[in-house]
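Here's the structure, in structure tokens; my notes come after.
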Amino acid sequence: MMLLNNVCGEWIAGQGPGQPLFDPVLGTELARASTQGVDYGAALDYARQVGGANLRRLSFAERATLLNRIAEVLTAKRDSYYEIALANSGSPAADAAFDIDGAIYTLKYYAKAAKPLGDAHYLKDGDFVRLGKDESFQALHLAAPLRGVAIHINAFNFPAWGLWEKAAPTLLSGVPIFAKPATSTAWLAQRMVEDVANSGVLPAGALSIACGSAGDLLDHVTGDDAVVFTGSAATAVHIRSHPAVVRNGARLNIEADSLNSVLLGPDVKAGDPEFDLFIKEVAREMTLKAGQKCTAIRRILVPAPLLTAVSEALIARLAKVSVGNPRNPSVKMGPLVSQAQQTAVQEGIAALSRDAEVVFAGGPDFRLIDADPSVGAFVPPTLLICSKPLQSSLVHDEEVFGPVATLMAYDGLEQALDIARLGKGSLVASVFSGDDAFIEAALIGLAGSQGRILAINREVGPSNTGHGNVMPMCLHGGPGRAGGGEELGGLRALRFYHRLSALQGPLKSLQALAQNAAELRY
Ligand code: NAP
């Protein structure tokens, strides 16, 4: 099966043999993807001209209705998406839900969040500003949708959520999308776009997709476009420095690698509710989606006296995680997405081992359930301990994108913050403590170096949304090596897809325009 590309309003097959997509459990080929012969220049032009005009015609309320309809289409086909996620990503149901249901939830959230924007077509930022001697000549800051196309380049680990968490605020803003999913798991994204296209929900040109190599896609970027990338730091460098992106000053958002950390407070003792919540969350973060989450915990920081108790409790919990073929309902953790990722993670563990000691790698009784280790891309949950976190660099630099984390001891909050900051900017950090003063000091101490910080005590244990769970109402993105990007954050996300202008002129004209503009309130 060759995955079709939707460009210029048509479904077309790429030329040549294409790149194979595999089942990471069985090693069998599922589909092929090719963008050879796709005219990216024409495809982007079509999206800008046809899609842009069609979407800008609609009000925020009408675009919100589109998001709800997309969510309905996806909900109706949900079971088929779980099957694709199982086949192409080796996802147990809980992992598939994280991706697929997370996508649908985000679409519905944005449809609802748009309510206060009503029938407006533009956004206004602040009040009229008097510029002249009398009232007649004033200024208004008004934001209009970008005139170009949003090029969404996504990572392999969230083929559904990655597509729709970007698409929701983009479509709501009135900007057309050109989606480029990661090739190895493109099938799910492609099927979702196909289902939405077949439903006729979206106007022509609003959503295009190409599955396979990016080829010369970025050569056609203009200053009206936005390039929104999620993936590795290495590819991010290439995209950031691409001549067309640089030359034309295209808007750019990057979500990249992140060495996320978690801190256990010095007030916590083994057996406290905070201790149990901490162990449960770290084990979940290491094993959900086999650790293939940009937000997953990679560095576990605990007070030195608790190092042994934490490592024992974590190992006991990780040893209970059943790994294997997710078609067997007893399996909790599936494979990595491909053999290439398996190799990369094995190499990453070997690199970390230069700074840290592997203290658990599945344990002596580790057996894959219903799976052949010679064909499946499996890696057991792996825990390391680094005894000199301040002197080590690899544990803070090397993002091992699998079920792998490193435990390290700290002495005092300031040292814990210093260690966390060695990640050079991360998406998320968590704090587990029953001490309000420690929580407050850690929250503010971490704020500058993290995109999001989560604090957990026993009171919020049952209601908290989790370390790795990206909530659409909260900012997603981190400083420094995490890319410096900002996604989601409720209606804040709309700012990226709008161009703000200072309009100076007769007050009467500005007042007339302001009638069609909504104030962005969060
Ligand atoms: P990747 O290899 O960097 O690929 C990401 C995307 O970029 C894919 O669609 C890839 O296409 C495309 N790409 C590769 N080379 C390109 C080029 N020269 N021009 C344009 N596009 C190009 O990353 P990945 O392995 O898919 O994803 C894993 C990484 O993503 C991890 O490092 C993880 O931390 C990060 N991630 C970050 C977030 C976040 O929100 N911060 C979320 C998820 C993942 P092909 O697949 O066709 O090569």
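We did not get these values from a lab; they are worked out from the coordinates using the rules stated. Given the structure is predicted, the values throughout are model-derived calculations rather than measurements. All Cβ positions, glycine included, derive from the backbone under ideal geometry; neighbour counts span all protein chains shown.
Per-structure values
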| item | result |
| --- | --- |
| Computed P(r) (all Cα pairs; the range 1-156; 10 Å bins; percent) | 9, 22, 31, 22, 9, 4, 2, 0 |
| Whole-angstrom Cα spans of the range 160-208 along principal axes, big to small | 29, 21, 14 |
| Those lysines that a straight Cα-Cα span of less than 16 Å connects to K280, excepting residues fewer than 8 apart in one chain | K269, K289, K320, K332 |
| Cα-based helix-to-principal-axis angle, 436-447 vs the chain, degrees rounded to 10 | 60 degrees |
| Gyration tensor verdict on the range 243-329 (Cα atoms; rounded if a/c is under 1.5, prolate if a/b is larger than b/c, oblate otherwise) | oblate |
| Candidate lysines for bridging to K424, where Cα separation is under 22 Å - those fewer than 8 sequence places away on the same chain excluded | K293, K388 |
| Cα→Cβ-extended label distance, 7 Å offset, between S232 and A42, nm | 3.3 nm |
| Neighbour net charge for V321 - beta-carbon separation under 11 angstrom, K R +1, D E -1 | +4 |
| Cα→Cβ-extended label distance, 7 Å offset, between R521 and Q391, nm | 5.7 nm |
| Cα-based Rg of the chain normalised by 2.2 N^0.38 Å, two decimals | 1.01 |
| Full-extension gain in nm, M1 to D216, via 0.36 nm per residue minus C-alpha separation | 75.0 nm |
| Against the rule of thumb 2.2 N^0.38 Å, how large the Cα Rg of the range 268-310 comes out | 1.23 |
| Helix-only CD estimate at 222 nm, as mean residue ellipticity for the chain, using -39500 (n - 2.57) per DSSP H run (n ≥ 4) | -10500 deg cm²/dmol |
| Isotropically averaged projected area of the range 453-522, using the convex hull of Cα atoms (one quarter of hull area), nm² | 7.5 nm² |
| Label-point gap, in nm, between L443 and N54 - each point 7 angstrom along Cα→Cβ | 4.5 nm |
| D119/S501 FRET efficiency (R0 25 Å; Cβ-Cβ; nearest 0.05) | 0.75 |
| For the range 226-370, alpha-carbon Rg and Dmax in angstrom | 18.8, 58 |
| Computed over the range 1-118: relative contact order in percent, which uses C-alpha pairs under 8 Å that are six or more apart | 24 percent |
| Cross-link reach list, aspartates and glutamates versus K166, counting only Cα pairs under 14 Å and skipping chain neighbours closer than eight places | D99, E255, E486, E487 |
